[in-house]
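Here is the structure we will look at, set down as structure tokens.
The values are calculated or read from the model by the stated rules, or taken from the named source; none is laboratory data. What you see is a predicted model; the values in this text were computed from it and never measured. Backbone-built Cβ (ideal geometry, glycine too); neighbour counts: all protein chains shown.
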Ligand code: CA
């Protein structure tokens, strides 16, 4: 008889659970919605993509981004090692970039289309992995406040880092939405890979700039009252952005970590 395999070591951290919701809205100005989201709570996989390109191209690019992400990470098992999750996320974002770039090159009506993509994988050990390109954002909200997890790939963000603009200047700047990185624009793309940990009671938020350009981080924090249901919080966020003029498509994915 072959020897028995060694027993699995016990998990060092108790597994966490989560609930999640998503909401997208055209806003008050745009005639179409070029945002897309991915909400796969069973797989712990979430994303927001904000397309650009006009003439139905923006929505093609953002939809391709979330679909390729879903397909390329389909092989991940719920107990996959964090390093494998991170690698799969990165590979999926590169694959989405190539797919969008190649389609834009082949189909003249989609020339120049692109999209942001902020993808978050939540793991049972309460850690998360993020792959990020563009100016959609991920936040973690806990009792100490709201924490921005991603850096915007925008010209104004670079100016903030150089000390040439304040956050408030950047918000009002005519070039505030000019991206320095997006999927589909070049045949390769630099992807930010981020990791961190959460705890029961934390909220994670993914959002397109239709939420974060009319609302400050403090505005968002004030809306996210911890005791309210997630669906209610998502509608309140969208409503608040629309009350400030709803200048762009608004998309939010909200995740609540539970014990
Ligand atoms: Ca947008």
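Table for the structure above
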item	result
Of all residues making up the stretch 23-54, the number that are part of a strand (DSSP E or B) and away from the ligand (no atom under 16 Å from the Cβ)	5
Residue 92 being at pLDDT 95 or above, assigned to a helix (DSSP H, G or I), surrounded by 21 or more Cβ atoms within 10 Å (Cβ to Cβ) and in contact with a strand residue (DSSP E or B) (Cβ under 8 Å, 6 or more places away or on another chain)	yes
Residue in the stretch 224-248 that is nearest to the ligand (Cβ to nearest atom), counting only those that are more than 23 Å from residue 177 (Cα to Cα) and not in a helix (DSSP H, G or I)	224
Residue among 116, 143, 166, 180 that alone is within 16 Å of the chain's Cα centre (by Cα) and under 22 Å from residue 216 (Cα atoms)	116
Candidate set: the stretch 55-69, residues that are assigned to a helix (DSSP H, G or I) and out of contact with any strand residue (DSSP E or B) (no Cβ under 6 Å at 6 or more places or on another chain); chosen: the one farthest from residue 121 (Cα to Cα)	57
Residue within the stretch 77-86 that is under 30 Å from residue 15 (Cα atoms), within 15 Å of the chain's Cα centre (by Cα) and modelled with pLDDT of 95 or more present	yes
Selection from the stretch 171-214 of residues that are surrounded by fewer than 20 Cβ atoms within 10 Å (Cβ to Cβ), within 16 Å of the ligand (Cβ to nearest atom) and free of Cβ contacts under 8 Å to residues at least 40 places away in the same chain	173, 174, 175, 176, 178, 180
Any chance residue 76 is in contact with a helix residue (DSSP H, G or I) (Cβ under 6 Å, 6 or more places away or on another chain) and more than 23 Å from residue 186 (Cβ to Cβ)	yes
Criterion violated by residue 217 - all others in (1) under 17 Å from residue 171 (Cα atoms); (2) touching a strand residue (DSSP E or B) at 6+ places or on another chain (Cβ under 8 Å); (3) surrounded by 19 or more Cβ atoms within 10 Å (Cβ to Cβ) satisfied	(3)
Filter result for residue 133 (within 15 Å of the ligand (Cβ to nearest atom), without any contact (Cβ under 8 Å) to a residue 60 or more places away in the chain and closer than 24 Å to residue 40 by Cα)	yes
Unmet requirement for residue 127, which otherwise passes all of (1) in contact (Cβ under 8 Å) with a residue 60 or more places away in the chain; (2) crowded, with 20+ Cβ neighbours inside 10 Å; (3) over 18 Å from residue 37 (Cα atoms)	(2)
Whichever residue in the stretch 101-124 is in contact with a strand residue (DSSP E or B) (Cβ under 7 Å, 6 or more places away or on another chain) and away from the ligand (no atom under 16 Å from the Cβ) and, among such residues, is farthest from residue 16 (Cα to Cα)	119
From 45, 69, residue being in contact with a helix residue (DSSP H, G or I) (Cβ under 8 Å, 6 or more places away or on another chain) and without any contact (Cβ under 8 Å) to a residue 60 or more places away in the chain	69
Qualifying positions in the stretch 135-145 - surrounded by 15 or more Cβ atoms within 10 Å (Cβ to Cβ), touching a helix residue (DSSP H, G or I) at 6+ places or on another chain (Cβ under 9 Å) and under 14 Å from residue 201 (Cβ atoms)	141
